[in-house]
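Enquirer: Have a look at this one.
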Ligand SMILES: [Zn+2]
Ligand SMILES: [Zn+2]
């Protein structure tokens, strides 16, 4: 299993950066976690769109804006006879007006499915599971776990530190935790807000005993290395996500 990072910034894309998106793949696996603004630029549509499985953690624009680019590309490539397997889109059904707007899309070649905590999927040789983690009042956010043989990847989506215990349980002993860290201590947000600081992400990684923490979801104005340094004050196996970075978890 490999991860290719397609996006790490929020709330907007710029230059060579895009909003959150992570492509997980091997011979039989073709999974996209989130599709934030601008991230589809780093995805090979011609090669990998056929039968792509897209999981949206929550319906904030920085996590799903590019979904329509995938839907429309699947429509166009199918009409040209270039793809013959529909893309499969999994998303939360709250807020309902955004959900309905997406699944009503006509110019697409896709099936839509609702994510909830009871959903368990098998794709290729991997199993996929979900855990609802509090983030903001206007959305339902799901952390996503991809497990294959003895390797597991956990992605947090966005979250509030108020649900840290649930996040720790879900990420327990995973090989890699891709975790948002929108904030730094110096931003002086309350301890409990809609996002994590890099330190809080490190705290969760430490308690969950993950093998590696991949930090993401950075403010465009900040130097990503600051997030790494802050997380390393509590947990040392930290890496910074960057567009086009590939992480190989092996077989
Ligand atoms: Zn969000
Ligand atoms: Zn976000």
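This table checks each residue for (1) in a strand (DSSP E or B); (2) out of contact with any helix residue (DSSP H, G or I) (no Cβ under 8 Å at 6 or more places or on another chain); (3) surrounded by fewer than 21 Cβ atoms within 10 Å (Cβ to Cβ); (4) modelled with pLDDT of 95 or more.
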| position | (1), (2), (3), (4) |
| --- | --- |
| 166 | no, yes, yes, yes |
| 173 | no, no, yes, yes |
| 179 | yes, no, no, yes |
| 203 | no, no, yes, yes |
| 207 | no, no, yes, yes |
| 210 | no, no, no, yes |
| 220 | no, yes, yes, yes |
| 239 | yes, no, yes, yes |
| 250 | no, yes, yes, no |
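Enquirer: Quick one: in the stretch 181-199, of everything that is closer than 18 Å to residue 8 by Cα and assigned to a helix (DSSP H, G or I), which residue is nearest to ligand 2 (Cβ to nearest atom)? Quick ask: steps written out before the conclusion?
Expert: Initially, the stretch 181-199 is screened for residues closer than 18 Å to residue 8 by Cα, giving 181-184, 194-199.
Remaining after also requiring assigned to a helix (DSSP H, G or I): 198-199.
Numbers: 198: 15, 199: 18 Å.
Among residues in the stretch 181-199 that are closer than 18 Å to residue 8 by Cα and assigned to a helix (DSSP H, G or I), the one nearest to ligand 2 (Cβ to nearest atom) is 198.
Enquirer: Which of the residues spanning the stretch 1-21 are within 19 Å of residue 68 (Cβ to Cβ) and in a strand (DSSP E or B)?
Expert: Correct list: 6, 7, 21.
Enquirer: May I ask you to list pairs of residues, at least six apart or on different chains, whose Cβ atoms are under 6 Å apart, with the first in the stretch 231-249 being closer than 19 Å to residue 146 by Cα and the second being assigned to a loop (DSSP other than H, G, I, E, B)?
Expert: Taking only residues 6 or more apart or on different chains, the pairs are 241/8; 249/1; 249/175.
Enquirer: Right, here's the next one. Can you tell me how many residues within the stretch 43-57 are surrounded by 17 or more Cβ atoms within 10 Å (Cβ to Cβ) and touching a strand residue (DSSP E or B) at 6+ places or on another chain (Cβ under 7 Å)?
Expert: Summing the residues that are surrounded by 17 or more Cβ atoms within 10 Å (Cβ to Cβ) and touching a strand residue (DSSP E or B) at 6+ places or on another chain (Cβ under 7 Å) in the stretch 43-57 gives 8.
Enquirer: Could you tell me which residue of the stretch 133-145 is nearest to residue 249 (Cα to Cα), considering only residues that are touching a residue at least 60 places away in the same chain (Cβ under 8 Å) and not in a loop (DSSP other than H, G, I, E, B)?
Expert: 144
Enquirer: Could you count how many residues in the stretch 71-97 are farther than 24 Å from residue 47 by Cα and out of contact with any helix residue (DSSP H, G or I) (no Cβ under 8 Å at 6 or more places or on another chain)?
Expert: The qualifying residues number 4.
The values are calculated or read from the model by the stated rules, or taken from the named source; none is laboratory data. Note that this is a predicted model, so its numbers are computed, not measured. No Cβ is skipped: glycine too gets one built from the backbone with ideal geometry, and neighbour counts run over all protein chains shown.
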